[in-house]
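First the structure, in the form of structure tokens, and then the observations on it.
Just so it is clear, none of the values below were taken in a lab; they were calculated from the coordinates. All values derive from a computational prediction rather than experimental measurement. Cβ: placed from backbone, ideal geometry, glycine included. Neighbour counts: every protein chain shown.
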Amino acid sequence: MESRNLPSTDELNEIFGAACASQQQGALTSAQAGFRKLLSWFPEAPVLHYNLGLVYYESGDFEKSSECFAKGASLAPDDTDIIFNLALCRKQCGDMQGAIEGYRRLLQLTPDSVDALYNLGGCYKDQKEYAKAIGVYLRVLELAAEHLGATKNLAYVYHLTGDGANAVAHYQKALQLAPGDTSITHMLAALTGQTPESTPHSYIAEMFDEYSCSFDRSLVDELEYLVPAKIRAVIDREKLWQQHFRAGLDLGCGTGLSGESIKDLLEILDGVDLSPKMLEIANEKNIYTNLYPGAIDDFMNNRDNRYDFIQAADVFAYLGELEGILRLARSCVADGGLFCFSTERCQQSGYILGSTGRFAHGEKYVEQAARKAGWRLLVKECISLRKEKDEWVEGQIWFWQPLI
């Protein structure tokens, strides 16, 4: 465009300033319009592509954001801010290899960038390239000895690879850096043979928020997760369903895998989960009537209405002591209703916290706790729950009715 058609310098600065202000205030549509207008006059300006990419990123449109950052990087190939954000965006888009290439390019320009190294380690961890992840996290700690994220992730990767000694050592170091971090305390308990009563809520929420995007694919395709299908199969085979059942509650509903198998049986299906990001995915599936963020015990403590059917699929792996939650479920189920849950099996008489950070329960313990809480057993079935390191994890699914 000819220069006589351009606004004045003052006008251009005003448009740019207004677009930046809109972005800071969260008025993203207005910010997009401003940066796009400027790009119509200056299509080769890297800073405009960068700023527009930031706006799209904030709005959750990672594909468009990635396009903007890629264009900016082509115009300014040594701009570290653009390259960093392009790598972030590629990971959000599921292009893990593109993200790795971006961080490696950034490290060519700034070899001691702690942020680039840390994010590269995260990519390798997610790709299950654990040896590379360990090497990168160790380099982060050479540059920033008290980097909490690298310390925790290094402990986690050592744990995954079976190096318990190094895992414990780095979890202990992480606990020194963050003394109040209950997730670290939980994993140290799991690795050192301690048995608390439950898993900290913060650990569950953090883990599943991070896991949410790959949860369905990982659980179904990689771990061959069978619990929801098995629950439905027992319901149908044993003819457990009653005509009057209309309202159901899915405890720890996650992304909705457990709700999908029973949705057609109910007029109302509510779900509750600690992970906001898991609930976002569940909401997109249109399975549930209502979704509630928070802990399942808090939710049941504050309910007046009763449900005909309650299920907790793969939830009690995060609870050791069960009698309390079983009493709460009893208070929330209608007379003649049905409560179904799964447990991982252990040979001990009580319950244990395994090295995986998950609880397993002895059959006698479950039966005694349920009966004390006011339940009578209808069906118990031993099943393979899912795979872990190519081995089946064994457990049970249980169906109970309230004692009247």
Quickly rank 165-174, 296-305 as a protection proxy: mean count of other C-beta atoms within 10 Å, highest first. 165-174, 296-305
Give, in nm to one decimal, the length gained when the segment between residue 306 and residue 110 is fully stretched (0.36 nm per residue of separation minus the Cα-Cα distance). 64.6 nm
Other-chain or far-sequence residues with amide H under 5 Å of residue 272's (modelled H): 250, 252, 253, 292
Taking 8 Å as the Cα distance limit and 6 or more residues as the minimum spacing, I'd like the relative contact order of the chain as a percentage. 9
State the dimensionless ratio Rg/Rh of the stretch 25-164 (Rg: radius of gyration of Cα atoms; Rh: Kirkwood radius). 1.06
How large is the dipole of the stretch 3-191 about the Cα centre if only Lys and Arg carry +1 and Asp and Glu carry -1, each at its Cβ, rounded to the nearest 20 debye? 380
Expressed as a fraction of 2.2 N^0.38 Å, the rule-of-thumb size for a compact globular protein of N residues, what is the C-alpha radius of gyration of the stretch 291-360? 1.20
Report the dimensions of the stretch 209-402 along its three principal axes from the alpha-carbon atoms, largest first, rounded to Å. 42, 38, 33
Sorted by chain and number, the residues with a modelled amide H under 5 Å from that of residue 394, at a separation of 5 or more or across chains, are 345, 385
Holding the Cα-Cα limit at 26 Å, pick out from 285/372; 263/380; 91/132; 239/263; 152/389 the pairs that are longer than that. 285/372
So, with +1 on the Cβ of K and R and -1 on the Cβ of D and E, and no other charges, what is the size of the charge dipole of the chain about its Cα centre, to the nearest 20 debye? 940
Helix-only [θ] at 222 nm, the chain, -39500 (n - 2.57) per DSSP H run of 4+, per residue, nearest 500, equals -16000 deg cm²/dmol
Can you tell me which aspartates and glutamates have their Cα less than 15 Å from the Cα of residue 387? Leave out same-chain residues fewer than eight positions away. 216, 221, 222, 224, 314, 344
Length gained, residue 126-residue 169, 0.36 nm per residue minus C-alpha separation, equals 13.3 nm
Coil-residue GluC sites (Glu not before Pro) of the stretch 129-158, DSSP, other Cβ within 10 Å capped at 13: 146
What residue among 106, 74, 305 has its Cα farthest toward the positive end of the dipole of the chain, where the charges are +1 on Lys, Arg and -1 on Asp, Glu, each on the Cβ? 305
Report the Cα centroid-to-centroid distance between the stretch 96-117 and the stretch 375-394 in angstrom, as an integer. 43
Label-point gap, in nm, between residue 390 and residue 404 - each point 7 angstrom along Cα→Cβ: 5.3
When averaged across all projection directions, what area in nm² does the alpha-carbon convex hull of the chain cover? 23.4
Assuming R0 = 25 Å, what is the FRET efficiency of residue 290 and residue 371, from their Cβ-Cβ distance, to the nearest 0.05? 0.20
